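Asks: What follows is a single structure, and I will ask about it in a moment.
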Amino acid sequence: MGFSTDAIHVGQEPDELTGAIVAPIYQTSTYVIEEMGKSKGYDYARTSHPNRKALERTLTKLEGGTAAYVFTSGMAGIDAVFRLLRPGDHVILSQAVYGGVFRITTKLLVEFGLEFSYVDTSDIAKVQAAIKPSTKMIYVETPTNPTMIVSDIAAISALARGKNLTVVVDNTFLSPYFQKPLALGAHIVVHSMTKYLNGHSDCTGGAVVLSRPEDAEKIYFIQRSAGAGLAPMDCFLVSRGIKTLAVRMDRHNSNGLAIAKHLEAHPKVKKVIYPGLPSHPRHELAKKQQTGFGGMISFEVGSLDAAKQVLNHTKLCSLAESLGGVESMISLPALMTHASIPPDIQAQIGITQGLIRLSVGIEDVEDLIADLDQALARIE
Ligand SMILES: Cc1ncc(COP(=O)(O)O)c(C=O)c1O
């Protein structure tokens, strides 16, 4: 079946008991067992529940994995993936990784004996050079938040092959509609479902999708033992959001491309970073490994003062930390989402105080352009 059909029907079957076309929310912590050793498949909601199972089936199908597990946030899922490692193991991460991943690795996971190297994963020679005998994982975010750096998933996976290296890809920015890392050779996909998969900015959630059954077994053990599995109501919301993922992503993409082109021609904008523009350094790679470019755009206005003028004056684009919702959101990564990255490293990876991140929503594009224009006009 096609992507949209799967998104609407896999894991989204009518309720067996009542025929309800939308499965009910199983808002219960525990399940009555008929007799010792005989249950209906559920016993306690930390371990599993029908809404979680349903959403996990949908995600497994859409990403083309063998299993998926959902967590209370993207970070909870990512934390579970790092727990596949042991003290002494070394991980190569995209240098411009999301601020929360930088924080959990540098401030928490190093305390447990893991070692991390932050490498420009868009340069395959640098990835190769960073591999050492203790390297067990390559963690790639592509495109990166907010610098939109694109890494070659197939080339990195080929490098890992035969070396006992696990390749993890954060697919948050594109969703499985525009990018399928497992088909390109990666072993694990992670998502902040808070973003495009849910798409309505009404809950947080994370997903881990796996190609290897042995990894799946371990992630399920971590999910049910540590207890960060997603709750019924939130699973219901993400399942509902996923039904419209394809149409939303198409609109994010067409709005994104139109706005990126408009900003690139705007006299107050110094630079636009959007993989769908020919000016993006990895435009050709993005065209090859993605089937769309999405709704995330970063643009440089030159200074913190100029950025503040824009951020404080947009009316439709809300000044907010998150992204991937139907509503447009604008932010300043240096002082907001990526504030936990020290200024020298921010400078190294291209996060300046004049770099604005725009999550283009699915409103009418003319209205969004008019909103951005009137805010940009505030810059002296
Ligand atoms: C690319 C990326 N990965 C992971 C996360 C973490 O997800 P969450 O905020 O749901 O924990 C984020 C959050 O912004 C993100 O942008």
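The values are calculated or read from the model by the stated rules, or taken from the named source; none is laboratory data. This is a predicted model, so every value here is computed, not measured. Please note: Cβ atoms are built from the backbone with ideal geometry, for glycine as well, and neighbour counts cover all protein chains shown. Heavy atoms of the whole protein, side chains included, go into the accessibility calculation; ligands, DNA and RNA do not. Shrake-Rupley method; radii C 1.70, N 1.55, O 1.52, S 1.80 Å.
Asks: Helix 365-376 against the longest principal axis of the chain: what's the angle in degrees, Cα atoms only, rounded to the nearest 10?
Replies: Once rounded, one gets 50 degrees.
Asks: Just the accessible area per residue of the chain, please: how many Å² with a 1.4 Å probe? Walk me through the intermediate numbers first.
Replies: Values: 15880 Å² over 380 residues.
Ligands and nucleic acids excluded, the figure is 42 Å² per residue.
Asks: In whole Å, what is the distance between the alpha-carbon centres of the range 321-380 and the range 1-46?
Replies: The range 321-380 and the range 1-46 have Cα centres separated by 39 Å.
Asks: Loop-only check: which GluC sites (Glu not before Pro) in the range 280-329 are DSSP coil with at most 14 other Cβ within 10 angstrom?
Replies: On the way: sites: GLU284, GLU300, GLU321, GLU327; in loops: GLU321, GLU327.
Here the sparse-neighbourhood loop sites are GLU321.
Asks: Of the DSSP beta bridges with both residues in the range 245-376, give the percent that are antiparallel, rounding to the nearest 5.
Replies: Within the range 245-376, antiparallel bridges account for around 85 percent of the total.
Asks: Separate question: ASP170's amide H: which non-local residues (gap 5+, or another chain) put their own amide H closer than 5 Å, with H modeled 1.01 Å from N in plane and none for Pro or chain starts?
Replies: Here VAL140, GLU141, THR142, VAL190 satisfy the definition.
Asks: Just to check I understand the Karplus step: with θ = phi - 60° and J = 6.51 cos²θ - 1.76 cosθ + 1.60, what whole-Hz values come out for the range 314-329, glycine and proline as x?
Replies: Along the range 314-329, the couplings run 6, 10, 7, 7, 6, 6, 7, 5, 8, 7, x, x, 5, 8, 6, 9 Hz.
Asks: GLY205: net charge of surrounding residues, Cβ under 11 Å, Lys/Arg +1, Asp/Glu -1, itself excluded? Before the final figure, lay out the partial values.
Replies: On the way: positive: ARG52, LYS195; negative: ASP202, ASP234.
Summing Lys/Arg as +1 and Asp/Glu as -1 gives 0.
Asks: On to the next question. How large is the charge dipole for the range 279-380, taken about the Cα centre, if only the Cβ atoms of Lys, Arg (+1) and Asp, Glu (-1) carry charge, to the nearest 20 debye?
Replies: On the way: 7 positive and 13 negative charges, 79 e Å.
With Lys and Arg at +1 and Asp and Glu at -1, about 380 debye.
Asks: Where does the longest stretch of the chain lie that holds no trypsin sites (Lys or Arg not before Pro) found in a DSSP loop with 12 or fewer other Cβ atoms within 10 Å? Present the calculation step by step, with values, prior to reporting the outcome.
Replies: Details: sites that count: LYS40, ARG161, LYS163, LYS315.
Longest site-free region, per DSSP loop and neighbour criteria: 164-314.
Asks: I would also like to ask the following. Can you say what percent of the DSSP beta bridges in the chain, counting only those with both residues inside, are antiparallel? Round to 5. Kindly include the intermediate steps, with their values, before the conclusion.
Replies: On the way: 24 of 43 bridges.
In the chain, approximately 55 percent of DSSP beta bridges are antiparallel ones.
Asks: At 1.4 Å probe size, with the rest of the protein present, what percent of the exposed accessible area of the chain is carbon and sulfur atoms?
Replies: Working: 8910 of 15880 Å².
After summing per-atom areas, the C and S share lands at 56 percent.
Asks: A follow-up question, please. Picking from GLY227, GLY19, GLY295, which is most flexible by a Gaussian network model of the chain using Cα springs under 10 Å?
Replies: GLY19
Asks: As a check on your grasp of the helix formula, calculate [θ] at 222 nm for the chain: sum -39500 (n - 2.57) over DSSP H runs of n ≥ 4, divide by the residue count, round to the nearest 500.
Replies: On the way: 14 runs with 133 residues, N = 380.
Computed ellipticity for the chain at 222 nm equals -10000 deg cm²/dmol.
Asks: Under a point-charge model restricted to the Cβ atoms of Lys and Arg (+1) and Asp and Glu (-1), what is the dipole moment magnitude of the chain relative to its Cα centre, in debye to the nearest 20? Don't skip to the answer; put the middle values down first.
Replies: Numbers: 36 positive and 38 negative charges, 144 e Å.
My answer is approximately 680 debye.
Asks: Taking Cα pairs under 8 Å and at least six residues apart, what relative contact order does the range 3-242 come out at, in percent?
Replies: On the way: 462 pairs, mean separation 62.4, N = 240.
Over the range 3-242, the number comes to 26 percent.
Asks: Separate question: Using the Cβ atoms and a cut-off under 13 Å, what net charge is assigned to the surroundings of GLU264, where Lys and Arg are +1 and Asp and Glu are -1? Please report the intermediate quantities before stating the final value.
Replies: Details: positive: LYS261, LYS268, LYS270, LYS271; negative: GLU300.
Summing Lys and Arg as +1 and Asp and Glu as -1 gives +3.
Asks: Can you check what the net charge comes to around LYS163, using other residues whose Cβ is under 14 Å from the Cβ of LYS163 (Lys, Arg +1; Asp, Glu -1)? Intermediate values should be presented prior to the final figure.
Replies: Values: positive: LYS132, LYS136, ARG161; negative: ASP89.
Charge balance near LYS163 sits at +2.
Asks: In degrees between 0 and 90, to the nearest 10, how far off the longest principal axis of the chain does helix 50-63 point, with axes built from Cα atoms?
Replies: The angle comes out near 50 degrees.
Asks: Let me ask something else. Along the three principal axes, how long is the range 1-57 when you take its alpha carbons, biggest first, rounded to the nearest angstrom?
Replies: 42, 23, 20
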